[in-house]
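The values are calculated or read from the model by the stated rules, or taken from the named source; none is laboratory data. The shown structure was predicted, so the numbers you read here are calculated from the model rather than taken from an experiment. Neighbour counts run over all protein chains shown; Cβ positions are idealised from the backbone, glycine included. Please note that ligands, DNA and RNA were not included when accessible areas were found on the heavy atoms of the full protein model with its side chains. Shrake-Rupley method; radii C 1.70, N 1.55, O 1.52, S 1.80 Å.
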Amino acid sequence: SEGRYAHKRVRSAEDPPGSLPQSLSTRRQLYERDFPVYKQPVEVGVFSLDSKRNFFNDSRKLRYYVDPGKSPNFSLRDGYRDRYVKRDDGVKEKLDHILRWILENRERLQSVHSAPDCALGVDFITWRGHLTKLLTTPYETQEGWLLAVSRFRGTLYISEVETEAARVSRENRTGRHEEMMYWGYKFEQYLCADDVSSVPDGGGVVNTNEAFCTVVQTRLSDHKLLFSGEVDCRDKDPKAPPAPACYVELKTSAEICTPKQRSNFHRYKLLKWWAQSFLPGVPRIVAGFRDQDGVVVSLETFHISKISQLIKNEHNCWRPTVCMNFCSDFLSFVKSVVKDDDPRLVYLFAWEPHRDVSYSVHRDSEYNFLPDWYVKEMTN
Ligand code: A3P
Ligand code: MG
Ligand code: MG
């Protein structure tokens, strides 16, 4: 029935022009429905970015998880001053690496079943991180987002635009915050080896330009998705299941000492952790809990499939079904709004906490994100 849909109604052929829904509600109650179809994600490719952010169509930057065995005592502060090369996060790469991957792997995508008006056979192309933000939106009270969307040859491309508030926070981070951002990468260095039979090197340089990314295909309700996400490492057992099931996500978090801290961890942190790994089908997270001085005092494995059970005892906690239904309805909203097939036309979807999602339209603006080299090559 009509009430099941969060945007007022779906546009039909009889609607007069200009009557399409102008906004989308993010109220949780609207998304308390059955869990939508979410097909098991299939890895269709990988790519790597080296220490200079150069693209390679291979897995050269994939690392291997090494269990430290005994209780660890990793100092996450080690090397911050003298063995850290930080990626310049003022450089906005938009979808460029994914687009490069697509051009180099077109034949893997263009199935014989693709509709002639949809050159790649998928409805949406984006980063996993953008979808993570959509999944957590019904529960987010702090940070809004801006998502630019263009339709090109039948496919909708979604690329994030940094909000003014996010830019101001980024340009005014405290020294403590800058150092804590390093800790997560340092943790990875203690647990990951570069080769299947080598061991981690805690004495090496942490370079956050380097990345290994998986490209997966899946379907949410009737939306065919292709997205890429960074992967921290894989199980080194050659008998481990094929990707993405062999991948391991690494996380750090403050040590939990009180029931209140445990509850906050379940309510806020596990939501983000779950959303990030559930999307690409990464089955487990290895978490390092650290003290005030950045020393990891314990490790714990979280299985993504068990997280919804873990949080069931929290009162008024987040629900995976709300996250997935909101994302599905947002994608339907985008499909209904972005009808013009034109890479120079950007629909900018905007959301602030406690507001509805709205949008504005921009031609040949600063928001354009599909580069000429991509449009030209794809038009061939
Ligand atoms: P933690 O995960 O331990 O917080 P990811 O977990 O996605 O693989 O990211 C690796 C690390 O990058 C994070 O480690 C954190 O240190 C840093 N990081 C990622 N996203 C961040 C963000 N939005 N703000 C600050 N640091 C971030
Ligand atoms: Mg990572
Ligand atoms: Mg991680």
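Candidate membrane-span-like segments in the chain, meaning DSSP H helices with Cα atoms spread over at least 24 Å of their own axis and a Kyte-Doolittle mean of 0.5 or above, are 320-337, with no membrane implied. Each Lys and Arg adds +1 at its Cβ and each Asp and Glu adds -1 at its Cβ; summed about the Cα centre, the stretch 304-380 shows a dipole of about 440 debye. Calculated on the Cα set of the chain, radius of gyration then Dmax: 21.2, 68 Å.
Compute the projected area of the convex hull of the Cα atoms of the stretch 108-260, averaged over all viewing directions, and report it in nm² to one decimal place. Walk me through the numbers before you get to the answer.
Values: hull surface 55.2 nm².
Computing the convex hull of the Cα atoms and averaging its projections yields 13.8 nm².
Just the accessible area per residue of the chain, please: how many Å² with a 1.4 Å probe? Let's see the in-between values first.
Numbers: 18890 Å² over 380 residues.
Result: 50 Å² of accessible area for each residue.
In percent, rounded to a whole number, the relative contact order of the chain is 28, using alpha-carbon pairs under 8 Å and six or more apart. Short-range pairs are left out: with C-alpha atoms under 8 Å and at least six residues apart, the relative contact order of the stretch 111-214 is 19 percent.
With Rg and the Kirkwood Rh both taken from Cα atoms, where does Rg over Rh land for the stretch 51-125? Display every interim value, and only then the final one.
Details: Rg = 19.7 Å, Rh = 17.1 Å.
Looking at the stretch 51-125, the ratio lands at 1.15.
Summarising the amide proton neighbourhood of Arg284: residues at separation of 5 or more, or on other chains, whose placed amide H is nearer than 5 Å comprise Glu249, Ile304.
Accessible surface of the chain, 1.4 Å probe: 47 percent of it comes from carbon and sulfur atoms.
Antiparallel DSSP bridges in the chain: what percent, to the nearest 5? Just about 75 percent of them are antiparallel.
Which number comes out as Rg/Rh for the stretch 17-80 once both Rg and the Kirkwood Rh are worked out on C-alpha atoms? Intermediate values should be presented prior to the final figure.
Values: Rg = 22.6 Å, Rh = 18.8 Å.
That ratio is 1.20, to two decimals.
Using θ = phi - 60° in the Karplus curve 6.51 cos²θ - 1.76 cosθ + 1.60, the 3J(HN,Hα) couplings for the stretch 192-197 round to 10, 10, 6, 10, 4, 10 Hz; x is entered for Gly and Pro. Could you state the number of Å between the C-alpha centres of the stretch 312-380 and the stretch 38-101? So the two Cα centres are separated by 25 Å. Net charge dipole, the chain: roughly 760 debye, given to the nearest 20, about the Cα centre with Cβ charges of +1 for Lys and Arg and -1 for Asp and Glu. Considering only DSSP beta bridges whose two residues both sit in the stretch 220-319, what percent are antiparallel, to the nearest 5? If I count the DSSP bridges inside the stretch 220-319, around 60 percent turn out antiparallel. Does the stretch 257-302 come out rounded, prolate or oblate by the C-alpha gyration tensor, with a ≥ b ≥ c the root eigenvalues, rounded set by a/c under 1.5 and, if not, prolate when a/b is larger than b/c and oblate if not? In terms of gyration-tensor shape, oblate.
Remark on Val122: its backbone amide H falls under 5 Å from none of the residues 5 or more positions apart or on other chains, H modelled at 1.01 Å from N. With coordinates expressed along the principal axes, the C-alpha atoms belonging to the stretch 227-331 extend over 38, 37, 21 Å, beginning with the largest.
At an R0 of 41 angstrom, the distance between the Cβ atoms of Arg81 and Glu366 translates into a FRET efficiency of 0.65.
Ordering Ser277, Ser360, Tyr182 by Cα displacement along the dipole of the chain toward the positive end leaves Ser277 in first place; charges were set at the Cβ atoms of Lys, Arg (+1) and Asp, Glu (-1).
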